[in-house]
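This report concerns only the one structure given below.
The values are calculated or read from the model by the stated rules, or taken from the named source; none is laboratory data. Predicted, not measured: the structure shown is a model, and the values here were computed from it. Heads up, the Cβs are rebuilt from the backbone with ideal geometry, glycines too, and the neighbour counts pull from every protein chain shown. For accessibility, only protein heavy atoms count, side chains too; no ligands or nucleic acids. Shrake-Rupley method; radii C 1.70, N 1.55, O 1.52, S 1.80 Å.
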Number of protein chains: 2
Amino acid sequence: MFTSSEENYLKAIYHLEIGVDKGVSTNAIAEKLVTKASSVTDMVKKLSEKELIIYKKYQGVSLTNFGKKIASNIVRKHRLWEVFLVEKLNFSWDEVHDVAEQLEHIKSPKLIQQLDLFLGFPTHDPHGDPIPDKDGNLKAIEKSLLSSLIKNESGICVGVNDSSKDFLQFLDKKGITLGKLITVLEKEDFDGSLFIQIDRKKLSISNKISNNLYIKKQ
Amino acid sequence: MFTSSEENYLKAIYHLEIGVDKGVSTNAIAEKLVTKASSVTDMVKKLSEKELIIYKKYQGVSLTNFGKKIASNIVRKHRLWEVFLVEKLNFSWDEVHDVAEQLEHIKSPKLIQQLDLFLGFPTHDPHGDPIPDKDGNLKAIEKSLLSSLIKNESGICVGVNDSSKDFLQFLDKKGITLGKLITVLEKEDFDGSLFIQIDRKKLSISNKISNNLYIKKQ
DNA sequence: ACATTATTTTAGTCTTGTCTAAAATAATAT
DNA sequence: ATATTATTTTAGACAAGACTAAAATAATGT
């Protein structure tokens, strides 16, 4: 149907256009895919020909409904594979991205349907990101940044905003994983750092951390 | 490391050089990969540069030890994925090939190691073909063609020589699956057809069928 | 409003892997 | 032994997807 390269562009645009009403810029896509703006312009023309995106010179791009369907399906596959890797093959959450990046391009509707069944129809991936259903719909959950909590509030850790290896390994080191209850014991006004309780441990975390951790308020 | 295309050439050569002492011909590779001889010549030069194969003009090719290692690893991955699809995702043995053909190119040593563990270190794929270990070694089992049995001999079905959809579906229809006990009740000399017993059923099968079915003599 | 800067596009090139058509070599038959 | 046929290789072309450098357009600052 589509090449891996085309799929990667669609996925990048899909992620970039979330919460933005303007078209996604050539440069933004180039940065996300670690390629050059000129390459993006080339590809964007092809995707436009195939009615996957709306493109007007110098105006940025946006996905058509068709493009959105294709893109969300790639994301669906990516996240289902991540669940598989963690749940069945004992990968840790910081190891799954690169492999899922390859697996998401495997073409077989039956494969994904059966994988979904095998995994028990998961709604979220190992980082707490929602898995689109076959029609691209996301199961939204109310989540807040940990940084938005005030003293004595608490919540369950439900996701991360930054899925980089470094950040995920940092969280592992601190014992912070999805499902854990976090309580804010103190909040420092001058730097936004938090003193939190998790399990029996108390620890201090910077604003940068709490800005990248989603919790569900209790 | 290597492109999917390179890997496909190595795999084709690997399969073609089994039981042959001469170099594998350009045409044979072209036929196997459904491509043109000229394309094969091009690729064969590249693989030769990379020391994966031995190639001399007009002489055909053969894998180096290095090439054999790479090739057997692709076959290993292909067959492990086939086991996964059948055992875990409820694919039937005639549905797995095309998907495994894609999955075999996923690059992640950990993925295969964990998959192997998850599947319980299988030694054979759903068609009875042996799965190479990390070093490319195959666990040989003594198997014979069903056509080699004589009247009143019997054996366990352990593999197929032809893995085409048509043949596999035919076997399904007749209730012939791996592990089944087959007894030869009659053998017709003039056309080699067999009258066999399998479970409580008796049926007649042509020489073409019995020439593509491996059994382990009892 | 216009000069400067940033972004985007165009033009031309490169690599990979394929193809066709023609030339070269090997195999086969008489 | 040589003519014929089959196989393989070469030469040149093409598409996809990337790149660089230069040109065009948009955005920004004073």
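Tell me the residue from B:Val99, B:Val75 that is open to solvent by less than 20 Å² (accessible area, probe 1.4 Å), among the β-branched types (Val, Ile, Thr), under 18 Å from the mean Cα position of the chain (by Cα) and under 24 Å from A:Val96 (Cβ atoms), please. It would help to see each step written out before you state the result.
On the way: B:Val75 fails: under 24 Å from A:Val96 (Cβ atoms).
Step by step, each of B:Val99, B:Val75 is checked, and only B:Val99 is open to solvent by less than 20 Å² (accessible area, probe 1.4 Å), among the β-branched types (Val, Ile, Thr), under 18 Å from the mean Cα position of the chain (by Cα) and under 24 Å from A:Val96 (Cβ atoms).
With respect to A:Val86, is the statement that it is β-branched (Val, Ile, Thr) and open to solvent by 30 Å² or more (accessible area, probe 1.4 Å) true?
Working: β-branched (Val, Ile, Thr): yes; open to solvent by 30 Å² or more (accessible area, probe 1.4 Å): yes.
Taking the combined requirement at face value, the residue satisfies it.
Condition check ((1) farther than 25 Å from B:Leu138 by Cβ; (2) touching a residue at least 24 places away in the same chain (Cβ under 8 Å); (3) out of contact with any helix residue (DSSP H, G or I) (no Cβ under 7 Å at 6 or more places or on another chain)) across all residues:
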site: B:Ser38; (1), (2), (3): yes, no, yes
site: B:Lys46; (1), (2), (3): yes, yes, yes
site: B:Glu49; (1), (2), (3): yes, no, yes
site: B:Leu52; (1), (2), (3): no, yes, no
site: B:Tyr58; (1), (2), (3): yes, no, yes
site: B:Leu63; (1), (2), (3): no, yes, no
site: B:Gly67; (1), (2), (3): no, yes, no
site: B:Ile70; (1), (2), (3): no, yes, no
site: B:Arg79; (1), (2), (3): no, yes, yes
Within the range A:192-202, residues in a loop (DSSP other than H, G, I, E, B) and open to solvent by 70 Å² or more (accessible area, probe 1.4 Å) come out as A:Asp199, A:Arg200
Note on the range A:160-176: residues surrounded by 13 or more Cβ atoms within 10 Å (Cβ to Cβ) and without any contact (Cβ under 8 Å) to a residue 60 or more places away in the chain are A:Val160, A:Asn161, A:Asp162, A:Phe167, A:Phe170, A:Leu171, A:Lys174, A:Ile176
The number of residues in the range A:35-66 that are farther than 16 Å from A:Glu7 by Cβ, more than 10 Å from DNA strand C (Cβ to nearest atom) and β-branched (Val, Ile, Thr) is 1
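So which residues in the range B:145-191 are of a type in the set (Lys, Arg), over 22 Å from the mean Cα position of the chain (by Cα) and in a loop (DSSP other than H, G, I, E, B)? Break it down stepwise before answering.
Of the range B:145-191, the ones of a type in the set (Lys, Arg) are B:151, B:165, B:173-174, B:180, B:187.
Filter once more, so that each one left must be over 22 Å from the mean Cα position of the chain (by Cα): B:151, B:187.
Result: B:Lys151, single match.
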Within the range A:50-72, of all residues that are under 22 Å from the mean Cα position of the chain (by Cα) and of a type in the set (Lys, Arg), the one surrounded by the fewest Cβ atoms within 10 Å (Cβ to Cβ) is A:Lys69
Going through the range A:23-50 in order, the residues found to be more than 9 Å from DNA strand D (Cβ to nearest atom) and outside any helix (DSSP H, G or I) are A:Gly23, A:Val24, A:Ser25, A:Lys50
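Residue by residue, here is whether (1) part of a loop (DSSP other than H, G, I, E, B); (2) within 11 Å of chain A (Cβ to nearest Cβ) holds:
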position	(1), (2)
B:Gly67	no, no
B:Ser72	no, no
B:His78	no, no
B:Ser92	yes, yes
B:Glu101	no, yes
B:Lys107	yes, yes
B:Pro122	yes, no
B:His127	yes, no
